[in-house]
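Here's the structure we're looking at; comments come further down.
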Amino acid sequence: MSTFKSLSKKFVKSSFFQGFVAQAIASYVRLVHLTCRFNQQRSDIPERFWSADETFLCATWHGQNVILPPFWHNWRTLKVLVSKHGDGEIVARLVHNLGLSTIRGSGAPKEQLHKSKEKGGAAALRAMVRALQSDASVGLTADMPPGPARVAGLGIVMAARLSGRPIVPVATTTRGRIVLGNTWDRFMIPLPFTRGAVVWGEPIYIPRDLDEQGLEEWRVKVENALNQTTAEADALVGRLSGTARQSTPQEAGS
């Protein structure tokens, strides 16, 4: 039995298996994109940056970003932050299959920026800043495992602050979906042949000269903006959202 488990583990981690899974998911994402009727709100916001050849941080929540890549103009470079650990290799292959690039590493959870070095966070932050200051936008989830879900980390705020480029929140959803309740982020699997929504939020520019309290205040602003776009996307497909309530720095720190 132990030999079988060992062989199974090796197969799951093999390049063949990971490549197959990534390609299968990419094909499914394209199917959803082609068969769903998407209502896209404020698409003029990213289009302004694209037309001006300006970069930005494209921010989403975990568990709701899988159908976003087809809505990115494929002639504009987008580098997606992908973990070096866990299922990161499959996600990286998926991102490449959908025509995007990657930055490998992890962001920083709320009030734990120094700990991100353990997973390559410092190197990832530098890579994001370099990309944003050259010719590539950066896509990343604002919340990070192991959670809590939909609590923005400081990494995205630091990247925007150091690069001088704005954060643009975006939420995607579909009316028909399967929610994996046993995952920390309640990962959403969108279903084809249904209604969908993509909602872009207003750009958020982070001031460069901020103390610790200032960083926390802007972190909460990013969190609230993502919750607002999520609530709007859910409403567009006829769903109630549990994220419409706005947080305050005092509550977030409690």
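We did not get these values from a lab; they are worked out from the coordinates using the rules stated. Quick caveat: nothing in here was measured; it's all calculated off a predicted structure. Counting neighbours? That spans all protein chains shown, and the Cβs are built from the backbone with ideal geometry, glycine included.
Taking other Cβ within 10 Å of each residue's Cβ, how do 200, 184 sort, fewest first? Write out the running numbers ahead of the final one.
Values: 200 22, 184 15.
Placing the least packed residue first, the sequence is 184, 200.
Within 10 Å of each residue's Cβ, count the other Cβ atoms and sort 10, 221, 79, 84 from fewest upward.
Details: 10 10, 221 18, 79 22, 84 14.
In order of increasing Cβ crowding within 10 Å: 10, 84, 221, 79.
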Simple SL model, points at 7 angstrom along Cα→Cβ for residue 130 and residue 24; separation in nm is 3.6
Work out the FRET efficiency for residue 40 and residue 123 from their Cβ-Cβ distance, taking R0 = 51 Å, and round it to the nearest 0.05. 0.90
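Assuming R0 = 45 Å, what is the FRET efficiency of residue 211 and residue 87, from their Cβ-Cβ distance, to the nearest 0.05?
Working: r = 37 Å, r/R0 = 0.81.
In this case the efficiency is close to 0.80.
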Hey, rough spin-label estimate for residue 193 and residue 17, points 7 angstrom out along Cα→Cβ, what's it come to in nanometres? 3.2
Under 5 Å from the placed amide H of residue 191, counting only residues 5+ away or on other chains, we find 176, 177, 178
Give me 51, 83 ranked fewest to most by other Cβ atoms within 10 Å of their Cβ, as a rough exposure proxy. 51, 83
